[in-house]
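Here the structure is laid out as structure tokens; the discussion comes afterwards.
No lab work stands behind these numbers, since they all come straight from the coordinates. Remember, predicted model here, so these are calculated numbers, not experimental data. Methodologically, a virtual Cβ is constructed for each residue, glycine included, from the backbone with ideal geometry; neighbour enumeration extends over all protein chains shown.
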Amino acid sequence: MSKLWGGRFTKKTDQLVEEYTASILFDKELAEEDIQGSLAHVKMLGKCGILPAADVEKIQDGLHKVMQMIRRGEVEFSVSDEDIHMNIEKTLIEEIGPVGGKLHTGRSRNDQVATDMHLYLRKRVVEFVGMLVKVQETLIGQAKANLDTIVPGYTHLQRAQPILFAHHMMAYVSMFERDIERLRDSYKRINALPLGAGALAGTTFPIDRHFVAEQLGFERVYENSLDAVSDRDFIVEFLSNASLIMAHLSRLCEELVLWSSTEFQFVELDDAFCTGSSIMPQKKNPDVAELVRGKTGRVYGNLVGMLTVLKALPLAYNKDMQEDKEGMFDTVRTLQGALQLFAPMIATMKVNRDRMRQAVNQDFSNATDIADYLVGKGLPFRQAHEVIGKTVLYCIQNKKYLLDLTLQEFLQFSELFDDNIYDVLQPENVVNARNVYGGTATPQVSAAIGRAEETVRSN
Ligand code: ARG
């Protein structure tokens with residue numbers, strides 16, 4: 001059979017052009033969505049009296065058959081049929097005869113492809129919310145198991161103040177919660193139907209776009225036919241949301257890589273999530289964490305690529321827009337891989353509490369607390385800061401930590417010190433002193449876990 005659009009042409013398409021312009025090698029991934037959209041479209045054509053019921057039935061049966069054939073791998077897609085839409089239409093016509101050619105009545109590939117993409121991303125967004133919830137659950141699991149694990153908290157990657165490891169885990173739960181919110185918000189815009197826009201201007205047939213929307217579960221139809229076929233904002237939004245998810249994952253990855261180093265030894269990743277070295281027998285490398293961190297780059301690249309394709313594109317459809325697909329599919333796969341691995345990797349991670357505790361005992365992360373202690377005795381904070389700065393310097397010069405100082409030594413720096421300073425400096429007390437909403441004190445973190453569990457359950 002010749003090209004579906006061959007009528008106007010007198011020459012064969014150049015073979016390189018065929019290959020260059022075809023999208024079938026990647027848009028075959030949209031086969032299910034394409035048929036789903038066609039089924040709703042042809043049903044509407046029947047309902048509106050545009051096609052007789054007998055034709056509608058033949059086309060519907062044919063589409064179901066083609067779907068089965070594609071699922072069984074029986075359809076050989078061909079580059080000369082350019083894309084998934086024409087490959088399916090051609091197969092349909094081969095199966096049921098010329099009546100299959102009535103399917104495309106009142107429709108263009110421009111509104112068709114946009115509809116397919118909406119259907120495709122709508123499913124993916126729901127799946128990603130589910131996967132993020134799983135990651136949140138495992139983080140909450142680690143938080144609950146580590147409600148009394150104290151670890152140095154860092155700023156500038158310098159020891160700052162001790163915190164609960166649970167608090168650190170819950171920070172990521174909050175980040176992923178925002179990601180879920182963003183995906184949900186984008187769903188509103190994904191859940192709109194472009195079909196019925198025709199090539200760009202609408203169609204001369206008395207179609208019912210709202211009926212098609214209802215069939216496909218879309219909440220609304222695009223208002224403007226030009227916008228309907230030109231809009232790829234929803235893909236940009238998805239790529240941007242994916243980029244932030246990867247940014248969040250990559251920050252945790254970086255911490256896992258650091259924490260599992262010999263220098264830190266704060267955590268040990270399960271053997272199942274690490275790999276070895278072909279030369280150094282002692283190595284156990286955190287490859288998954290490194291690779292998720294690395295793959296963040298390609299997801300950002302896909303976002304920038306898509307934005308750049310759209311820049312200055314005149315309305316309405318332009319072939320440039322076919323470039324929306326590979327980056328999107330690649331992002332979906334990259335994100336799926338990362339999220340799938342993350343939940344079990346976090347769940348099986350061993351937390352080395354003793355090592356964390358040892359770190360806290362050997363630093364000055366309780367220094368803020370004695371400054372606050374002096375403030376409690378009436379000293380202005382700036383002066384207290386100066387006094388403690390000198391005290392810390394004295395400790396460093398004498399190879400001591402604050403808790404090693406005698407009361408006599410403390411009194412050299414301020415006569416406001418007394419015996420209870422030793423209590424104030426205990427890491428548990430330092431942590432629990434931060435008893436503000438959102439702070440690291442045990443009751444606050446417990447409450448935060450409770451609230452997060454509630455939110456995650458309702459997600
Ligand atoms: N394969 C095309 C794409 O992905 C489908 C739309 C083609 N429309 C057209 N007028 N050539 O963008």
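Using θ = phi - 60° and the Karplus curve 6.51 cos²θ - 1.76 cosθ + 1.60, what whole-Hz ³J(HN,Hα) does each residue of the range 450-457 get, with Gly and Pro shown as x?
For the range 450-457, the Karplus-derived couplings read x, 5, 5, 4, 4, 5, 4, 4 Hz, x marking Gly and Pro.
Could you size up the charge dipole of the range 359-446 around its Cα centre, putting +1 on the beta carbon of Lys and Arg and -1 on that of Asp and Glu, and report it in debye to the nearest 20?
Computed charge dipole of the range 359-446: roughly 260 debye.
Projected onto the charge dipole of the chain (+1 at Lys/Arg Cβ, -1 at Asp/Glu Cβ, origin at the Cα centre), which of SER108, GLY301, VAL332 gives the Cα projection farthest towards the positive end?
My answer, from the dipole projection, is SER108.
Please report the relative contact order for the range 359-446, taking Cα pairs under 8 Å with a sequence separation of at least 6, and give it as a percent rounded to a whole number. Could the numbers behind the result be given before it?
Details: 78 pairs, mean separation 23.4, N = 88.
Result for the range 359-446 is 27 percent.
Compute the projected area of the convex hull of the Cα atoms of the chain, averaged over all viewing directions, and report it in nm² to one decimal place.
The number I arrive at for the chain is 29.9 nm².
Just to check I understand the Karplus step: with θ = phi - 60° and J = 6.51 cos²θ - 1.76 cosθ + 1.60, what whole-Hz values come out for the range 49-62, glycine and proline as x?
x, 7, 10, x, 4, 5, 5, 4, 4, 4, 5, 4, 4, x
Please rank CYS274, CYS253, fewest neighbouring Cβ atoms within 10 Å first, as an exposure proxy.
Result, fewest neighbours first: CYS274, CYS253.
Please quote Rg/Rh for the range 264-359 to two decimal places, taking the Kirkwood radius as Rh and restricting both calculations to Cα atoms.
Across the range 264-359, the Cα-based Rg/Rh ratio is 1.20.
For the range 125-236, compute the orientation-averaged projected area of the C-alpha convex hull (one quarter of its surface), in nm². Working shown, then result.
Numbers: hull surface 39.3 nm².
Dividing the Cα hull surface by four gives the mean projection, 9.8 nm².
Pop out the ³J(HN,Hα) list for the range 179-186 in order, Karplus 6.51 cos²θ - 1.76 cosθ + 1.60 with θ = phi - 60°, rounded to Hz; leave Gly and Pro as x.
4, 5, 4, 5, 4, 4, 5, 5
What's the center-to-center distance, using Cα atoms, between the range 151-206 and the range 210-251 in Å?
Centre-to-centre (Cα) distance: 13 Å.
Based on C-alpha coordinates, I'd like the Rg and Dmax of the range 6-105, in Å.
14.3, 42
Quick check on the chain: helices-only [θ] at 222 nm, where DSSP H runs of length 4 and up contribute -39,500 (n - 2.57) each and the sum goes over total residues. Nearest 500, please.
Computed ellipticity for the chain at 222 nm equals -20000 deg cm²/dmol.
Counting other beta carbons within 10 Å of each residue's own, what order do HIS156, HIS167, HIS248 fall into, fewest first?
The order, fewest Cβ neighbours first, is HIS156, HIS248, HIS167.
Below 25 Å, Cα to Cα, which lysines can LYS390 reach? Residues fewer than 8 away in the same chain don't count.
Hits, sequence-local ones excluded: LYS377, LYS399, LYS400.
Going by C-beta contacts inside 10 Å, put ILE346, ILE245 in order with the fewest on the left.
Working: ILE346 24, ILE245 27.
Least to most surrounded, the residues fall as ILE346, ILE245.
Which entries in the list LYS3/LYS65; LYS43/LYS123; LYS3/LYS90; LYS3/LYS102; LYS65/LYS102 go over 19 Å, if you measure between the two C-alpha atoms of each?
Violating the 19 Å limit, Cα to Cα: LYS3/LYS65; LYS43/LYS123.
The range 359-446: D in µm²/s via Stokes-Einstein (Kirkwood Rh, Cα pairs, 10 °C, 1.306 mPa s)?
118 µm²/s
What fraction, in whole percent, of alpha-carbon pairs in the range 183-297 exceed 16 Å separation?
Tail fraction, whole percent: 71.
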